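Visitor: Mind looking over this structure? Questions follow.
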2 protein chains.
Amino acid sequence: MNATCAPEDHPEHEHPPLDAEHLQRAARMGAAMGEPGRLTLLALLLQGRHCVSELTTETGESTSLVSQRLKVLTDAELLHRRREGKHVYYSLADDHVRILVRNLLSHAADDHQ
Amino acid sequence: MNATCAPEDHPEHEHPPLDAEHLQRAARMGAAMGEPGRLTLLALLLQGRHCVSELTTETGESTSLVSQRLKVLTDAELLHRRREGKHVYYSLADDHVRILVRNLLSHAADDHQ
DNA sequence: CTATCATTCGCACGATCGTTAAACTGTTTA
DNA sequence: TAAACAGTTTAACGATCGTGCGAATGATAG
């Protein structure tokens, strides 16, 4: 009758965050990273800040599209934005994000057997 | 006239993977993590393997929905699937994924200054 | 065959992507 | 200062994709 599957697998490991708000934020970050176009921008920004026009020429995409993608990434709190004269420079928000992006890309590069 | 923005920002840092295939795979992983429902499952699996019915009762969602989400996560190579009698047990694919999920959740928990 | 656990299918709804064009912001020139 | 311009952002639209629900289908044990 009782259908519990693995009774010994129920420690109260209160890891970090199972509350809705943090989950929402984490999901937003994941979703932002979850598109090749945006991930390409993140990969480029891994090697330092870039302005929109730079990213435009490096990716071959239209300025509008690049800007839109940067907005999604910024709203997800992955990027930092700074205006400097005519240009707007974007860079990864912090080291935590750097690690996150690096891990995602490097894991995908593995053949993970 | 010439509108190059930051001429000194062009080192050939060939980090890891900017080729389309890896990018695609990384993006798929990101997208899979990019939804609260699926991220909840990943968080639960962070503390050990679970079968579908366990996850169903723990999340309060329908079996169908949980199974669908698990499929997305498995297709993204984030989960490992193992049948054991009537039950199907899911667990995080490897330590790399564990780190990835942990980082994503913990970064979202930070107030990121 | 029946009961249980899990996956898949078809459909409706909403979200997201990329294009085009218009609007906006700050810089330069006169 | 105003006008012209380069760089960036936003709005609107069609097309595509993803989500979640319920019903039908698979798989496994007794």
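The values are calculated or read from the model by the stated rules, or taken from the named source; none is laboratory data. Model, not experiment: these values are computed from the prediction. Note that we place each Cβ from the backbone using ideal geometry, even for glycine, and neighbour counts take in every protein chain shown.
Visitor: What's the number of the only condition in (1) hydroxyl-bearing (Ser, Thr, Tyr); (2) over 10 Å from the mean Cα position of the chain (by Cα); (3) assigned to a helix (DSSP H, G or I) that B:Tyr89 fails to meet?
Guide: Result: B:Tyr89 fails condition (3) only.
Visitor: Evaluate the following for B:Arg69: is it more than 10 Å from chain A (Cβ to nearest Cβ) and at pLDDT 95 or above?
Guide: yes
Visitor: Taking segment B:75-94 as the search range and keeping residues that are within 17 Å of B:Ala26 (Cβ to Cβ) and facing another protein chain (nearest Cβ under 10 Å), which one is surrounded by the fewest Cβ atoms within 10 Å (Cβ to Cβ)?
Guide: B:Asp94
Visitor: Just the residues that are at the interface with another protein chain (Cβ under 9 Å from one of its Cβ atoms), within 13 Å of DNA strand D (Cβ to nearest atom) and not in a helix (DSSP H, G or I), please, taken from segment B:40-66.
Guide: B:Cys51
Visitor: Any idea which of (1) closer than 24 Å to B:Asp110 by Cβ; (2) under 11 Å from the mean Cα position of the chain (by Cα); (3) of a type outside the set (Lys, Arg) is the one A:Glu21 doesn't satisfy?
Guide: (2)
Visitor: Also: Would you confirm whether or not segment B:98-107 contains a residue that is under 30 Å from A:Val52 (Cβ atoms), surrounded by fewer than 16 Cβ atoms within 10 Å (Cβ to Cβ), at pLDDT below 95 and not aromatic (Phe, Trp, Tyr)?
Guide: No: segment B:98-107 contains no residue that is under 30 Å from A:Val52 (Cβ atoms), surrounded by fewer than 16 Cβ atoms within 10 Å (Cβ to Cβ), at pLDDT below 95 and not aromatic (Phe, Trp, Tyr).
Visitor: Evaluate the following for B:Gln113: is it assigned to a loop (DSSP other than H, G, I, E, B), closer than 25 Å to A:Glu77 by Cα and either more than 10 Å from DNA strand D (Cβ to nearest atom) or modelled with pLDDT under 95 (or both)?
Guide: Here the answer is yes, as B:Gln113 does meet what is asked.
Visitor: Here's another thing I want to ask about it. Taking the residues in segment B:50-67 that are more than 6 Å from DNA strand C (Cβ to nearest atom) and without any contact (Cβ under 8 Å) to a residue 24 or more places away in the chain as candidates, determine which candidate is nearest to B:Arg82 (Cα to Cα).
Guide: B:Glu54
Visitor: State yes or no: is B:Arg83 among the charged types (D, E, K, R) and either touching a Ser or Thr at 6+ places or on another chain (Cβ under 7 Å) or assigned to a helix (DSSP H, G or I) (or both)?
Guide: Answer is no for this residue.
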